[in-house]
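Peer 1: Here it is, the structure in full.
The values are calculated or read from the model by the stated rules, or taken from the named source; none is laboratory data. No experiment lies behind these values; they were computed from the predicted model shown. Neighbour counts are summed over all protein chains in view; Cβ atoms, including those assigned to glycine, are modelled from backbone coordinates with ideal geometry. SASA here: full protein model, heavy atoms, side chains in, ligands and nucleic acids out. Shrake-Rupley method; radii C 1.70, N 1.55, O 1.52, S 1.80 Å.
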Amino acid sequence: KANRLFHPNNSEIKIGDQVIGGEKLAIIAGPCSVESREQITEVAKDVKASGANFLRGGAFKPRTSPYAFQGLGYDGLELLKEARKETGLPVVTELMSTNDLEKFIEDVDVIQIGARNMQNFDLLKELGRIKKPILLKRGLSATIEELLMSAEYIMAGGNENVILCERGIRTFENYTRNTLDLSAIPAIKKLSHLPIIIDPSHATGKWWMVESLAKAAVVAGADGLIIEVHNDPLNALCDGQQSLKPEAFDELMSDIKKLAPIV
Ligand code: PEP
Ligand code: MN
């Protein structure tokens, strides 16, 4: 179902009055994690003013250490809803467990499946039973074929609203957090009709690299970007080192607008 051969036209995924995979770029921006009402509403207003069309923010966080901040959970979802009400931005947030699926269907506009769950097949099968758009991130060491097969799991169940995301893969290089595989963009465009967006924040782990790779992704044909933005990166509870300040995000957006139309 994800195969371009049986589906020559690009898929356009509709989310409210937004479209991902159409003529225009989708820009998803916001903090790694929802931390407080002030933080999420402030960042939401800032990224909206710069032209983002979706708000991101994790409420359930897949952290390497069990002692690291795990997210605000259901309280985080409530704060995302408040930020959506204030700004009108649809919200994108990560689901880790099928236990929370009903709540996500109610509260969330796009369900993110993180790199670590790309091959959680039971979770993928459950997502196939719903209609909510799914943002499926490429696994840490997953091939393009494996990413597409995971999309296929969701689509096989009947949910064809899948957006793919390249977020960097593990290589021998450790200067950056991961290695952004820009070639995934033309590869996926050739193999599939699904939209592909790029996450330069998790790909690099360094805020000062986000700008150049975001632009490169747009020029290479990405359908959108997902970018971490924080109002106080130094004190962020998660991924501050790769988060842009709202001012830097605003500058990036002016450059991006010169490269491609934004939804
Ligand atoms: C995230 O988007 O916050 C995240 C945890 O990303 P990934 O699953 O790509 O590591
Ligand atoms: Mn993050």
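Peer 1: If I model a spin label at Asp255 and Glu78 as a point 7 Å from the Cα along the Cα→Cβ vector, what separation in nanometres do I get?
Peer 2: Once both label points are built, they end up 4.0 nm from each other.
Peer 1: To the nearest 20 Debye, how big is the dipole of the chain about its Cα centre, given +1 on the beta carbon of each Lys and Arg and -1 on that of each Asp and Glu?
Peer 2: 580
Peer 1: Can you pull a Stokes-Einstein diffusion coefficient for the range 214-263 at 10 °C (1.306 mPa s), Rh from Kirkwood over Cα pairs, as a whole number of µm²/s?
Peer 2: D = 135 µm²/s.
Peer 1: If you don't mind, another one. Over the range 4-259, what percent of the accessible surface lies on carbon and sulfur atoms, probe 1.4 Å?
Peer 2: The nonpolar share, carbon plus sulfur, comes to 51 percent.
Peer 1: Give me D for the range 4-259 in µm² s⁻¹, whole number, from Stokes-Einstein with Rh from the Kirkwood sum over alpha-carbon pairs, 4 °C and 1.567 mPa s.
Peer 2: Estimated via Stokes-Einstein, D reaches 73 µm²/s.
Peer 1: Moving on to the next point. Working from the pairwise distances between different alpha carbons, so that the mean of 1/r is found and then inverted, what is the range 1-122's Kirkwood radius in Å?
Peer 2: 15.4
Peer 1: Count of lysine pairs in the range 125-263 with Cα atoms under 20 Å apart, counting only pairs 8 or more residues apart in sequence or on different chains?
Peer 2: 12
Peer 1: Give the relative contact order (percent, whole number) for the range 5-146; include only Cα pairs under 8 Å separated by 6+ residues.
Peer 2: Taking the mean separation of contacting Cα pairs over the length of the range 5-146, I get 18 percent.
Peer 1: Please report the antiparallel percentage of DSSP beta bridges with both residues in the chain, rounded to the nearest 5.
Peer 2: 15
Peer 1: Ok, one more. Hey, with R₀ at 35 Å, roughly what FRET efficiency would Glu38 and Thr176 work out to, going by the Cβ-Cβ distance, to 0.05?
Peer 2: FRET efficiency, Glu38 to Thr176: 0.65.
Peer 1: Considering only protein heavy atoms, what per residue accessible area in square angstrom results for the chain with a 1.4 angstrom probe?
Peer 2: Per-residue accessible area for the chain comes out at 43 Å².
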